[in-house]
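First up is the structure itself, then whatever we jot down about it.
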Amino acid sequence: MTDVAQKVPFSATEPYRFCPADGARLQVPRHEGGGARCPFCGRSWYRNPAPAVGAAIVRDGRALVAVRAHEPEKGRLDLPGGFLEVGEHPADGLVREVREELGVKIEIASGPILLATFVYGAGGEYGLAIGFEACIVEGEPRPADDVAEIRWISAAELDDLDFAWEHDRELVRMALTKEE
Ligand SMILES: [Zn+2]
């Protein structure tokens, strides 16, 4: 975050205070995790995690990892993928993200092989990671978009690498261990 006038504290876990539809001050939820109701329009607003998809792309016993080009966690490793768009199926979102980041078409092996909660960014936003194993079916991967560099890694290297999020390390481990 740069070029801001004021540093404003923000909690990713406390209830919303103002209605996104009309800006009215919301009521205090009746119980923890409950919705904050708007006295003006009647809507209730909840804090929910954001679903994010990731791929362990495997080829010849190695998995593709990406060096992050931007904050948060710039310079650390993660896997191709990202946050889902509204209404998007996780598999479609993953195919889209990988095309944007690496310029290749992937095929997803099966259903999700990893589910995990994680925290994202300086504001501590909560995410839900949905991890798949995939392989490239068209094109040769080249870093673009959010990716600075790509590397193909073996299971033996896994423990020494600087992953931004532990669930990515586990997803690679699951995908590569399964291959053996
Ligand atoms: Zn409202």
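Values in this text are rule-based calculations from the coordinates and carry no lab data. From a predicted model like this one, the values you see are computed outputs, not experimental measurements. Cβ placement follows ideal geometry from the backbone for every residue including glycine, while neighbour counts extend to all protein chains displayed.
Neighbours of residue 85 by Cβ distance under 13 Å: Lys/Arg scored +1, Asp/Glu scored -1, total -3. Phi angles across segment 62-71 convert, under the Karplus curve 6.51 cos²θ - 1.76 cosθ + 1.60 with θ = phi - 60°, into 3J(HN,Hα) values of 10, 10, 8, 10, 10, 8, 6, 8, 10, 6 Hz, Gly and Pro given as x. Coupling constants for segment 5-10 follow from the phi torsions by the Karplus curve (6.51 cos²θ - 1.76 cosθ + 1.60, θ = phi - 60°), and in residue order they are 6, 9, 8, 10, x, 8 Hz; glycine and proline get x. Distance between the C-alpha centres of segment 15-59 and segment 142-156: 34 Å, rounded to the whole angstrom.
Its relative contact order, with pairs defined as Cα atoms under 8 Å and 6+ residues apart, puts segment 46-147 at 34 percent. Counting neighbouring beta carbons within 10 Å and listing from fewest to most, the residues 60, 3, 146 come out as 3, 60, 146. Per residue, the chain reaches -5000 deg cm²/dmol at 222 nm when only DSSP H runs of four or more residues are counted, each adding -39500 (n - 2.57). Listing 165, 152 from fewest to most neighbouring C-beta atoms within 10 Å gives 152, 165.
Computed over the chain, the Cα gyration tensor eigenvalues convert (square root of 5λ each) into semi-axes of 35, 18, 15 Å, ordered from largest to smallest.
Database remark: amide H of residue 147 closer than 5 angstrom to the amide H of 69 (H placed geometrically; neighbours at sequence offset of 5 or more, or on other chains; Pro and chain starts carry no H). 3J(HN,Hα) couplings calculated from phi for segment 44-57 with the Karplus curve 6.51 cos²θ - 1.76 cosθ + 1.60 (θ = phi - 60°) are, in sequence order, 10, 10, 10, 8, 10, x, 9, x, 10, 9, x, 10, 8, 8 Hz; Gly and Pro show x. Note on the chain: with charges restricted to the Cβ of Lys and Arg (+1) and Asp and Glu (-1), its dipole about the Cα centre is near 900 debye. For residue 129, the residues whose amide H sits under 5 Å from its own are 52, 116, 117, 118, ignoring neighbours fewer than 5 places away on the same chain, with H placed 1.01 Å from N. Annotation: amide H-H contacts under 5 Å for residue 57 (H modelled 1.01 Å from N, sequence separation of 5 or more, or interchain): 64, 134.
Looking at the chain only, what percent of DSSP beta bridges run antiparallel? Nearest 5 please. Restricted to the chain, the bridges split so that about 75 percent are antiparallel. On the basis of the beta-carbon distance and an R0 of 22 Å, residue 27 and residue 122 show a calculated FRET efficiency of 0.15. Counted residue by residue at 0.36 nm each, then reduced by the alpha carbon distance between them, the extension gain from residue 70 to residue 86 reaches 3.5 nm. The simple spin-label model puts a point 7 Å past each Cα toward its Cβ; for residue 46 and residue 178 those points are separated by 2.9 nm.
Quick one: length gained pulling residue 109 to residue 157 fully straight, 0.36 nm per residue minus the C-alpha distance? That pair, residue 109 and residue 157, stretches by 15.0 nm at full extension.
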